[in-house]
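The values are calculated or read from the model by the stated rules, or taken from the named source; none is laboratory data. Not measured: the values here are computed from a predicted model. Don't worry about glycine lacking a Cβ; one is built from the backbone with ideal geometry, like all the others, and counts go over all protein chains shown.
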Amino acid sequence: MRSQMREVVDATPGANPAGAAAVLAELAALVGFVGLELAGHFVGTAEPADALFEAVIRRQERTLGLA
């Protein structure tokens, strides 16, 4: 993973491979959530999905040290 993140880290002052990987993972989670919501996959399970979206964002804030 470090070698894969090296290009991102080298281009971002103060970044480290683990942090870059965490940001990439959380971006993938967010894009996945939005894709599922737009495709209607939360209908009947997490409808409205507002509370679920809020929980995802709060978890990401904690994971990335933004909270």
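Which of the residues spanning segment 1-15 are touching a helix residue (DSSP H, G or I) at 6+ places or on another chain (Cβ under 6 Å) and free of Cβ contacts under 8 Å to residues at least 12 places away in the same chain? Don't jump to the end; show me each part of the working.
Our first condition is that a residue be touching a helix residue (DSSP H, G or I) at 6+ places or on another chain (Cβ under 6 Å); within segment 1-15, this holds for 1-2, 5, 8-9, 15.
Hits for segment 1-15 are Val9, Ala15.
Being out of contact with any Cys (no Cβ under 9 Å at 6 or more places or on another chain) and either surrounded by 11 or more Cβ atoms within 10 Å (Cβ to Cβ) or within 23 Å of Arg6 (Cα to Cα) (or both) is the requirement here; does Ala67 meet it? When the stated conditions are applied, Ala67 does not pass them.
For the structure I just gave you, tell me whether Thr12 is surrounded by 14 or more Cβ atoms within 10 Å (Cβ to Cβ) and hydroxyl-bearing (Ser, Thr, Tyr).
Working: surrounded by 14 or more Cβ atoms within 10 Å (Cβ to Cβ): no; hydroxyl-bearing (Ser, Thr, Tyr): yes.
Criteria not met by Thr12.
Going by what's in this entry, would Glu54 be described as part of a helix (DSSP H, G or I), of a type in the set (Asp, Glu) and either loosely packed, with under 15 Cβ neighbours inside 10 Å or within 17 Å of the chain's Cα centre (by Cα) (or both)? When the stated conditions are applied, Glu54 passes them. If you take the residues in segment 52-67 that are more than 16 Å from Gly32 (Cα to Cα) and not charged (D, E, K, R), which one is modelled with the lowest pLDDT? Ranking the qualifying residues of segment 52-67, first place goes to Ala67.
Put simply, of Gln60, Gln4 the only residue that is in contact with a Leu (Cβ under 8 Å, 6 or more places away or on another chain) and in a helix (DSSP H, G or I) is Gln60. Residue count for segment 25-38 under the criterion of being free of Cβ contacts under 8 Å to residues at least 24 places away in the same chain and surrounded by 14 or more Cβ atoms within 10 Å (Cβ to Cβ): the result is 3.
The residue pairs whose first member lies in segment 39-67 and is farther than 18 Å from Ala25 by Cβ, whose second member is part of a helix (DSSP H, G or I), and whose beta carbons are closer than 6 Å, counting only pairs six or more residues apart or on different chains, are Ala46/Leu52; Ala49/Glu37.
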